[in-house]
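Enquirer: The structure is given below, and queries will be raised subsequently.
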């Protein structure tokens, strides 16, 4: 049976279509090389034996012209030749050859026949010129299985449109399939290999049928539903159930369609078109993009068939690994602003309005990750990916082994997006405990945030603010004329020997000498604990300073045991609560484990009055008191009103070597305190 086709032809820079009506019947894949667009028929080149089979498109007519028998002819001039398609190839053959190689034989019809005329669009992206369209009648008495009655057509429109007229059929139930090259939605370019999609349709009261990924995905489930019912389930009811299940698998709920009862529903996925402003167009384009991803054509076909087989049994997409893999790709495209690139590539085709596909892509990846709907009630929430199938999985909020990405429900757009550093790092901080409080980021642990009481908000701290320590040389150089200073510092870098006889490392010796060399001017006063590494630190500062006339006093108060009340309780707490740094910082800043320590305020005031102020007269301009972290950290907590950034229990930051506090005293006996450092940072 020979089917006459009426086709809409469009103009764009297409590619070569060919070709051949000679005895060799050569074929060439369409769009393999540029097809010249001729402005008018009069401008067509001469048609002779040299360019037999050559094809051009005439712009103003939007029509394909074929060179055949030394005459330019169109599809309507098929008296002596015909044009066929297979797998993206076009072939021009003579009627004589065609009659000997008829792939669509006439059928002897038994029973009443119907005359059909219909059109449609074949779309993955849009199928290309040269794609073949096959129509197969379905036998309703055999669970709508394909019969032996089929006929073929050819797609000649650049936007994927095809049309059949005056088709004689026994059954109104058809399977319409398209096979050929298609336009890739991601790249905007022609696919490298062909793809086949199908649509199962009831042609009663219908003059159109589209072929797309949704019609293909529903077909397997449709066949299963009909077979399971023993053929009693009406095909349209089965189609509607299958379509809803497919859309639900992709987390899509089309307004005024998906929630309607089956009896009210009259729309089917074979009515969906990639282009337009409807929800159905947005859904189709979104799913087409999801399935394409960064895959090759073979991979696309495998994924489509894999999902179709998964849905077939129970209507659910059970492969969470594949679903999450698609979600990961979509999320990366979204957070790197690639949705705009996809939209721009599609817009260059000029096939019609591009729907809001982006909302469905975002909805898919966010729901696959387990996020709630983004709305007024969830605005401002920050989430991490707790789906262990994801490449971006985090087992808890601050877990960053795989990624530092976190996601926020944007209050203005009501969409999930990648959270900015300050959004994900400060979530849950609440108001600061005091003005200029410093906290480490929850995700970006190298970022520090400062609370401004005046704005009631956190902001990214400068490096100086984040460290919270001022260089000792800067403090020394800015002393007022009537001021004196005691630099109470932790010793320089030590060896692993923490006993009284433990020494500095070679690097520690150099650290102390370098500090001394930076502090030029009058001679300093020195005092240390009775630990060798403390006195060694003071001595090398003096050596580096070039001070030969110096004495290092030994003060009991500079011992690391100054604040310890009960050593046995302290050891017990250290052994059971994460070590000395954890216990000392929690006591100094939170007053925990208080039965192991003296009262912070009273003991600190005793240190200041009985040692610092009592020895002020010995200081010409500055004094260096070399001590230990277990003294300097509590002293910092007291002198800074617990603002110092050495809260190890909170941010794992501990006092660095040669860091501490400057106690600056003016002529009136008034004191001020500044956290100081000698190395690059005040904490470690």
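The values are calculated or read from the model by the stated rules, or taken from the named source; none is laboratory data. Since this is a predicted model, take the numbers as computed values, not measurements. We place every Cβ from the backbone using ideal geometry, glycine too, and count neighbours over all the protein chains shown.
Enquirer: Name the one entry in 515, 519 that is in contact (Cβ under 8 Å) with a residue 60 or more places away in the chain, touching a helix residue (DSSP H, G or I) at 6+ places or on another chain (Cβ under 8 Å) and more than 28 Å from residue 603 (Cβ to Cβ).
Expert: Answer to the selection: 519.
Enquirer: Another question, then. For the condition under 30 Å from residue 332 (Cα atoms) and either surrounded by 22 or more Cβ atoms within 10 Å (Cβ to Cβ) or in contact with a strand residue (DSSP E or B) (Cβ under 6 Å, 6 or more places away or on another chain) (or both), what is the one hit in 182, 173?
Expert: 182
Enquirer: Which of the residues belonging to the range 429-451 are exposed (fewer than 14 other Cβ atoms within 10 Å of the Cβ) and touching a helix residue (DSSP H, G or I) at 6+ places or on another chain (Cβ under 8 Å)?
Expert: 436
Enquirer: Condition first: more than 23 Å from residue 57 (Cα to Cα) and either in contact with a strand residue (DSSP E or B) (Cβ under 7 Å, 6 or more places away or on another chain) or modelled with pLDDT of 95 or more (or both). Can you find one or more residues in the range 126-133 that meet it?
Expert: No; the residues of the range 126-133 include none that is more than 23 Å from residue 57 (Cα to Cα) and either in contact with a strand residue (DSSP E or B) (Cβ under 7 Å, 6 or more places away or on another chain) or modelled with pLDDT of 95 or more (or both).
Enquirer: When you check residue 82 against the structure, is it touching a helix residue (DSSP H, G or I) at 6+ places or on another chain (Cβ under 6 Å) and at pLDDT below 75, yes or no?
Expert: Details: touching a helix residue (DSSP H, G or I) at 6+ places or on another chain (Cβ under 6 Å): yes; at pLDDT below 75: yes.
Here the answer is yes, as residue 82 does meet what is asked.
Enquirer: Follow-up. Kindly provide the set of residues from the range 195-217 that are part of a strand (DSSP E or B) and touching a helix residue (DSSP H, G or I) at 6+ places or on another chain (Cβ under 7 Å), ordered by number. Even if it seems obvious, please write down each step before you answer.
Expert: Going residue by residue through the range 195-217, those that are part of a strand (DSSP E or B) are 195-202, 208, 211.
195, 197, 198, 199, 200, 201, 202 - these are the residues of the range 195-217 that are part of a strand (DSSP E or B) and touching a helix residue (DSSP H, G or I) at 6+ places or on another chain (Cβ under 7 Å).
Enquirer: Is it fair to say residue 459 is under 26 Å from residue 372 (Cβ atoms), in contact with a strand residue (DSSP E or B) (Cβ under 9 Å, 6 or more places away or on another chain) and modelled with pLDDT of 95 or more?
Expert: When the stated conditions are applied, residue 459 does not pass them.
Enquirer: The conditions are (1) closer than 16 Å to residue 379 by Cβ; (2) part of a loop (DSSP other than H, G, I, E, B); (3) out of contact with any strand residue (DSSP E or B) (no Cβ under 6 Å at 6 or more places or on another chain), and residue 427 fails exactly one of them. Which is it?
Expert: (3)
Enquirer: Touching a strand residue (DSSP E or B) at 6+ places or on another chain (Cβ under 6 Å) and modelled with pLDDT of 95 or more: which single residue out of 612, 583 fits that description?
Expert: 612
Enquirer: Identify the single condition in (1) closer than 23 Å to residue 607 by Cβ; (2) within 35 Å of the chain's Cα centre (by Cα) that residue 459 does not satisfy, given that it satisfies every other one.
Expert: (1)
Enquirer: If you take just the helices (runs of 4 or more DSSP H) that sit entirely in the range 559-616, which of them hold at least 3 residues that are surrounded by fewer than 14 Cβ atoms within 10 Å (Cβ to Cβ)? Step through it out loud before you land on a result.
Expert: Values: elements: 567-576, 580-590, 600-607.
Here the list reads 567-576, 600-607.
Enquirer: Say we look at the range 640-684 and pick out the residues that are within 47 Å of the chain's Cα centre (by Cα) and more than 20 Å from residue 585 (Cα to Cα); which of these is surrounded by the fewest Cβ atoms within 10 Å (Cβ to Cβ)?
Expert: Per the criteria, the residue is 680.
Enquirer: Same structure again: Are any residues in the range 399-428 under 30 Å from residue 640 (Cα atoms) and exposed (fewer than 15 other Cβ atoms within 10 Å of the Cβ), and if so, which ones?
Expert: The one that is under 30 Å from residue 640 (Cα atoms) and exposed (fewer than 15 other Cβ atoms within 10 Å of the Cβ): 428.
Enquirer: Quick check on residue 187: is it in a loop (DSSP other than H, G, I, E, B), in contact with a helix residue (DSSP H, G or I) (Cβ under 7 Å, 6 or more places away or on another chain) and either in contact (Cβ under 8 Å) with a residue 40 or more places away in the chain or surrounded by 17 or more Cβ atoms within 10 Å (Cβ to Cβ) (or both)?
Expert: So residue 187 passes the test.
Enquirer: Of all residues in the range 649-684, count the ones that are touching a strand residue (DSSP E or B) at 6+ places or on another chain (Cβ under 8 Å), free of Cβ contacts under 8 Å to residues at least 40 places away in the same chain and closer than 15 Å to residue 490 by Cα.
Expert: 1
Enquirer: Looking for whichever is in the same structural domain as residue 618 (by TED's automatic domain parsing), loosely packed, with under 12 Cβ neighbours inside 10 Å and farther than 16 Å from residue 623 by Cβ here; the options are 536, 493, 556. Which one fits?
Expert: 556
Enquirer: So in the range 118-150, with the set limited to residues that are closer than 15 Å to residue 212 by Cβ and in contact with a helix residue (DSSP H, G or I) (Cβ under 9 Å, 6 or more places away or on another chain), which one is surrounded by the fewest Cβ atoms within 10 Å (Cβ to Cβ)?
Expert: 120
Enquirer: Determine which single condition residue 160 fails, assuming it passes every other condition in (1) on the phi > 0 side of the Ramachandran plot; (2) touching a strand residue (DSSP E or B) at 6+ places or on another chain (Cβ under 7 Å); (3) surrounded by fewer than 18 Cβ atoms within 10 Å (Cβ to Cβ).
Expert: Answer for residue 160: the failing condition is (3).
Enquirer: Next question, about the same structure. In the set 548, 567, which member is more than 19 Å from residue 660 (Cα to Cα) and at pLDDT 95 or above?
Expert: 567
Enquirer: Taking the range 332-375 as the region of interest, how many residues are in a loop (DSSP other than H, G, I, E, B), more than 23 Å from residue 253 (Cα to Cα) and in contact (Cβ under 8 Å) with a residue 40 or more places away in the chain?
Expert: Count: 5.
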